[in-house]
Every structure is written in C-alpha cells, then in structure tokens.
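The values are calculated or read from the model by the stated rules, or taken from the named source; none is laboratory data. Every value quoted in this text rests on a predicted model; they were computed, and no experiment measured them. Here Cβ is always computed from backbone atoms with ideal geometry, including for glycine, and neighbour counts include all displayed protein chains. We work out accessible area using only protein heavy atoms, side chains counted, and drop any ligands, DNA or RNA first. Shrake-Rupley method; radii C 1.70, N 1.55, O 1.52, S 1.80 Å.
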Amino acid sequence: MIIIIINNNKRADGRDFNELRPLKIEAGVLERADGSAYLELGGNKVLVAVYGPREFYIRRMQRPDRAIIRCRYNMAPFSVEDRKRPGPDRRSVEISKITSEALKPAVFLEKFPRSTIDVFIEILQAEGGTRCAGITAASVALADAGLPMKDLIVSCAAGKANGQVVLDLSEIEDKEGEADLPVAIMPRTGEITLLQMDGHLTPEEFEKALDLAIEGCNKINQKQKEAIKKRYGE
Amino acid sequence: MVNNMNSIVPEITRRSIINLINNEERADGRSLNEYREISLENGVIEKSEGSARVKIGNTQLLIGAKPQIAEPFPDTPTMGVLMTNSELLPMASPTFEPGPPDERSVELARVVDRCIRQGEVVDLEKLCIIEGEKVWMIFLDIHVLDYDGNLMDAAVLGCVAALMNAKIPNASVVDNEIILDQEKMSPLPINEKALMCTFAKIGGKFVVDPSLLEEDVMDTRISIGMREDGSICAMQKGGTEPITKDELMNLINIAREKTGELLKYLE
C-alpha cells in the first residue's frame, strides 16, 4: 500500500504560512545619490535613492522648525506584464504619501529646519508587495545617506489567501486572496507607522495577521542591519 | 545636456579640465579617445520581454523592451512600430526633477529613436500581423538611474542589447483573430546593429565619452550614430559653439574605430 502524504499547509509557491520570499538588500549602490539601496524580495526589484537634507525651494511648504520628507514611488514601464504608462497615477500618488508618512517618525527631522529630504523609490520589477519593499529599502537608503535616525523602519505584509492567514503575499495571493494587510513598524519599540488593509478578516484573523506581519518585519530588519553593516563595517 | 541646470562649475575646475585636455590628459586619467569602463548585462528584468543594464563609468541605465499589439500608422500599414521613451529619474541626479519629460529627456529619446530606426536595427516589416490593422509595437523605455555624463551612447547600447535579447510570442491569424502562442517565443527580427559615439569639444579639442564634469564645461557636443558596416545613421549636435567640416570628418573616422570597440559588448 502506498500512502501519499500531502502537506496542505504549503502555499502555491511552496512556502510555509510564515515564510518570507528570498530577500536581498544592498546599501550604497548609486554614485550620485546621497544614499541608496537595492532590494530584491522574490520577484520584486526595488531601487531607492535619497537626496538631502537639501535646500527646499518651495518656500510656502518649508517648515521653519524641521525638514520635510518627500517621497516619489514610481513603477518602471517594464516592471509589470503589460507595459505601464510612465508617470504618476492615483495609486502611486497614494503610495508616495503613505510612504513618506511611514518614514517620518524615524528621522530626526528637527535637526534640519527649512530643508527637504527627497526619497525616490523606483520599482524596477513588481511581484506583489512593492510598497512594503519600497519602505524597507527606503529606510536603508536614509541610513546610507547618513541621516540621524531613531530606528530603521521596516515593512511587510500579511494577509489571507486560500482561507489561511499567511505572511508576505505573492502577486497571485495578493490578487486572488481574501485580504491584504501591509504594515510598517519601528522594530525597537514595535510602534506601527503604516497600516493599510483591504479585504475581509474577522477580528481574530486580523490579530493573527498583524502578529504575523510584525514577525516578518523583525526578520527583514535583521537583513537591513546586515546590509548597512556590510557597507560600513561593524 | 549642455548647460546643465543648476550646475555651476567653479572657474578653477573649468581651467584645470581645459589645461589637462590641452596636454592630452583627462581628469580621470583617460586618453582623449578612451571610453570609461563599460558593463552590459542582459535580461535583468524577467517580466520584461527584453532588458539590459548598461554602465559607462558611473553612468547607469536600465532599458526595457516590451511588445504590444497595436494599429500601424496609416502611411506604413505593413510595418511594426518602434517607440522610444526616456525618463531622467530624479534619483539619477540632483538636477533632475520629477514631472513631465523636460527637453533633455525628449532629446535623448528622439536621438536614440532616430539612431535605432534609421539604423534599421529591427526589421519592422516582419512585425506586421494583419496588414493595415494589427502590428507589433515595441516600446523601448530608457530608465536613467545614475547620471555621470554621456547618456546617449549608453542608451543606444542598452536599447540595441534589449532588442537583441527580447523574445515575443508567436502571433498567428485564424479567421481574422490573432492567436498568441506564449509557449513559443521567438527573438525579434534583428537586421543590423547601430551604436552611438559622443564627443565633447573642450578648449579646442575633442574627447570621446564625456564625463559629467566634462559635459558641464564643454562648448559643443556631437553624437554620431553608426551601423556595423560603418555607415552613418544619425547625428546630433548640441551646445552653442560652432564646429568645422574638417573637425567633423575627423570625428567620423574616430567614431568608426570606437563603434567597433562598442560592438564587442553586443556579442
């Protein structure tokens, strides 16, 4: 008699429910930018450049007591199956806004009054979870730019796919799944700086997903630290 | 790319660059007719049908080639379409601003487009699916990631490389319906190879592959597009200073030699 054991808990791409896709982070990859980082998470390829703190020429938007962070999240036309028209759309404008808000709490902005810190996030290839990948890479780039920071913001999504609460949704899980919950935290305090959700979750499932996302963030945070240590030594 | 916005070069730097070039030397140790180190990686974006990453010195570009089915232009009903688009990303330089493409970006895309189109790199006739109705439209998107001078040569090299490694699905027509066979991918019909070679005139002398610093102080820029057989397929002069015929003919000879060197990266 042959018994075939099927592990029903495995996902479409063979990962466990709490397993991240392969992750690679590199700091300081661009010459001109003040700080930069390159990140690969599964099929996601993200490049981030930071300029600043530099003079902010739009006077009415200057803050007399601190710097502001401006973010531009942009997808390359060749980053997705069907070519994306270049330029900002509603989705990228929203992501740019929440990304800058997610990063702000970590930087000592009051050190640089009247100036701007510009964060440019380029999605070179997208495979689900690009906003989280962008935030994670952006905080490495901010650190690479030598900005004084309280913590490295790290971001990761959890969600529900095929009736199961899972970590780090792939593109298919994101499209066909029941819920998506991107989260960004400051790992030292556990405070949440970004939270979005769409889909359907019970309060119990939500708590489970949130815990899972935070667990994922902490794993990614180790890689962020390694990337910075690799560039600047222990 | 002449008169870069906001880049004011100190007079002492300007003079030192000019003095060096008058002594047949350059700030980064190259000879006048020497390119910086070039690297070319193909197929770096799996989701794009064709792609390439080019580095010339610290200048870094990523190029994607993506096909789409579209209607042909009414005057060329049997020909596919090539569209070149470039983005000078604000990440690439403190002088690049977000927003709609400025004149530098438009010039880059148009010169690259001319070089590849007039060089007949792709056999556009073979990209026709239904005459007058459906053809392949190939988008070339130039993503400038790091700007340290000489975008044109890097862009043309990367675009040709991306076209050469691009694979498109086989399209067949059954009852006037197009059927795409995603299993059977074939390379684009490549006719020729065309490349571009850019010179900057600084203090009366010409240097090949100007760095950003050299672009900031140059009087004139000239880009020569050349095919593998040595014929010229595109040219563009930039900058405010005039140039003589003798100078131009001399540059064409140098471009021929340099294009030969660049071609090796496409093998």
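Per-structure values
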{"read-out": "Largest-first ordering by accessible area, 1.4 Å probe, given options A:Arg70, A:Arg90", "value": "A:Arg90, A:Arg70"}
{"read-out": "Pairwise Cα inverse-distance average, inverted: Kirkwood Rh of the stretch A:56-141 (Å)", "value": "13.9 Å"}
{"read-out": "Label-point separation, A:Glu191 to B:Glu24 (7 Å along Cα→Cβ), nm", "value": "6.4 nm"}
{"read-out": "Full-extension gain in nm, A:Arg85 to A:Glu110, via 0.36 nm per residue minus C-alpha separation", "value": "5.2 nm"}
{"read-out": "DSSP bridge pairs, the stretch B:41-170: antiparallel proportion in percent, nearest 5", "value": "75 percent"}
{"read-out": "Theoretical FRET efficiency, 1/(1+(r/R0)^6), r = Cβ-Cβ of A:Lys24 and B:Asn250, R0 45 Å, to 0.05", "value": "0.40"}
{"read-out": "Portion, in percent, of the accessible area of the protein assembly as shown that falls on carbon or sulfur, probe 1.4 Å", "value": "49 percent"}
{"read-out": "Separation of alpha-carbon centers, the stretch A:182-234 and the stretch A:148-165, rounded to whole Å", "value": "4 Å"}
{"read-out": "Choice from A:Arg59, A:Arg131, A:Arg188 showing the highest fluctuation, given a GNM over chain A with Cα pairs closer than 10 Å", "value": "A:Arg59"}
{"read-out": "List of the stretch B:68-89 residues, accessible area with partners at least 10 Å² below that of the chain alone (1.4 Å probe)", "value": "B:Gln68, B:Asn85, B:Glu87, B:Leu89"}
{"read-out": "Helix A:203-232 axis, angle to chain A major axis (alpha carbon atoms, nearest 10°)", "value": "50 degrees"}
{"read-out": "Cleavage-rule hits (chymotrypsin sites (Phe, Trp or Tyr not before Pro)) in the stretch A:67-153: DSSP loop, at most 15 neighbouring Cβ within 10 angstrom", "value": "A:Phe108"}
{"read-out": "Unit charges on C-beta of K, R, D, E only; dipole of the protein assembly as shown, Debye", "value": "1380 debye"}
{"read-out": "FRET efficiency, 1/(1 + (r/R0)^6) with R0 35 Å, evaluated for A:Asn218 and A:Asn162 via beta carbons", "value": "0.90"}
{"read-out": "FRET efficiency, B:Ile12 to B:Glu34 (Cβ-Cβ, R0 25 Å, nearest 0.05)", "value": "0.50"}
{"read-out": "For the pair B and A, total buried accessible area rounded to nearest 100 Å², probe 1.4 Å", "value": "2600 Å²"}
{"read-out": "Listed residues A:Arg60, A:Arg72, A:Arg114, most fluctuating in chain A (Gaussian network, C-alpha, under 10 Å)", "value": "A:Arg60"}
{"read-out": "Surface accessible to a 1.4 Å probe, A:Thr130 within the full protein complex, Å²", "value": "10 Å²"}
{"read-out": "Debye intensity ratio I(q)/I(0), log10, the protein assembly as shown, q values 0.06, 0.07, 0.09 Å⁻¹ (C-alpha model)", "value": "-0.32, -0.44, -0.71"}
{"read-out": "Cα convex hull volume per residue for chain B (Å³)", "value": "130 Å³"}
{"read-out": "Calculated [θ] (222 nm, deg cm²/dmol) that DSSP helices of n ≥ 4 give over chain A, each run adding -39,500 (n - 2.57)", "value": "-9000 deg cm²/dmol"}
{"read-out": "Within the stretch B:104-137, backbone nitrogen closer than 12 Å to the virtual label 7 Å beyond the Cα of B:Leu266 toward Cβ", "value": "B:115-123"}
{"read-out": "1.4 Å probe accessible area per residue over chain B, in Å²", "value": "44 Å²"}
{"read-out": "Translational D in µm²/s for the stretch B:1-139 (Stokes-Einstein at 25 °C, 0.890 mPa s, Kirkwood Rh from C-alpha pairs)", "value": "134 µm²/s"}
